[in-house]
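Undergrad: Questions regarding the structure given below will be posed in turn.
The values are calculated or read from the model by the stated rules, or taken from the named source; none is laboratory data. Everything numeric here is computed off the predicted structure, so don't read it as measured data. Backbone-built Cβ (ideal geometry, glycine too); neighbour counts: all protein chains shown.
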Amino acid sequence: MVQEVSGQAVGRRGAQAEPTPLSAIRKRGQKVSNLWIFESPKNERRLTVSGDVPFMHLVLLEGDTAVAGYDLVDDPFSISSSGDNGYVRVRLRDGGRYWLLIGRGTRTKPGRAEKAVIPEELEEQAAAAGVQVYRRTEVELIGQEILFDNWLTLCAIMTRARSCPSYLETQLLLAALDRHDSLRVCDVLGLGKADPAVVLAVVAKALQNGIVQTDLSRRLFGMHSQLKRVRS
């Protein structure tokens with residue numbers, strides 16, 4: 001489930017309650033941007049993300065089959081962050097790691113983005129940890145609109161059925177793909193006595209894990225999306 005929060009307080013009251021979005025915005029002065037409450041299927045937890053560019057890059061990480069998960073460190077995306085030096089530690093399925101610094105780029109001339117700069121302190125920390133650190137801005141999002149929209153939809157599909165048992169639906173999907181070279185999503189929904197919502201969530205999770213594939217970069221995900229089993 002993904003929500004955009006604008007001018008509305010979200011949080012728990014109590015003696016040790018975290019700052020609400022509204023109070024956090026006020027403390028951050030002029031740094032006012034869209035706030036996103038994002039249920040991350042890959043991390044199995046809720047993230048609070050400030051700004052469209054960081055949010056879009058994190059959604060794209062959800063769809064990167066090489067990525068096992070990611071952690072926000074001294075989180076610049078969280079509304080309760082007290083610093084501006086946060087970054088993302090990305091964990092890969094093959095055991096590799098890298099770090100990302102995400103934010104809007106600066107422009108020296110209209111239409112021309114300045115070369116992304118990584119703080120020297122962060123580069124030193126990355127070198128000490130034996131990892132590479134990269135900068136991501138809105139420039140890397142150009143041409144990714146359909147892919148982003150698809151993973152926004154697929155993350156929501158997984159979130160809606162996250163508490164539902166999915167063994168039956170998983171077995172039906174894999175068995176069907178073993179019998180056929182490809183299947184449309186609507187064909188999968190008609191298998192057995194499976195719950196359609198859970199079937200869609202299983203399909204989304206299989207796409208996220210790289211078990212099945214479909215064209216998510218050029219076509220919007222839907223009933224006629226062609227699913228193919230990934231053969232190792």
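Undergrad: Could you list, in sequence order, all residues of segment 96-117 that are in contact with a strand residue (DSSP E or B) (Cβ under 8 Å, 6 or more places away or on another chain), at pLDDT below 80 and not in a loop (DSSP other than H, G, I, E, B)?
TA: ARG107, ALA113
Undergrad: So which of ALA197, ALA126, ALA201, ALA161 is surrounded by 12 or more Cβ atoms within 10 Å (Cβ to Cβ) and in contact with a strand residue (DSSP E or B) (Cβ under 6 Å, 6 or more places away or on another chain)?
TA: Only one candidate passes the filter, namely ALA126.
Undergrad: Can you name the number of the only condition in (1) over 30 Å from GLY103 (Cβ atoms); (2) outside any strand (DSSP E or B); (3) in contact with a helix residue (DSSP H, G or I) (Cβ under 9 Å, 6 or more places away or on another chain) that LYS228 fails?
TA: (2)
Undergrad: Determine the pairs where a residue that is among the basic types (Lys, Arg), located within segment 140-166, has a partner that is in a helix (DSSP H, G or I) and surrounded by fewer than 16 Cβ atoms within 10 Å (Cβ to Cβ) with Cβ atoms under 8 Å apart, the partner being 6 or more residues away or on another chain.
TA: ARG160/ALA197
Undergrad: Right, here's the next one. Being under 16 Å from ARG136 (Cβ atoms), modelled with pLDDT of 85 or more and over 14 Å from the mean Cα position of the chain (by Cα): is that true of LEU61 here?
TA: No.
Undergrad: In segment 74-95, which residue that is under 19 Å from the mean Cα position of the chain (by Cα) and among the small types (Gly, Ala, Ser) is modelled with the lowest pLDDT?
TA: Per the stated criteria, the residue is SER78.
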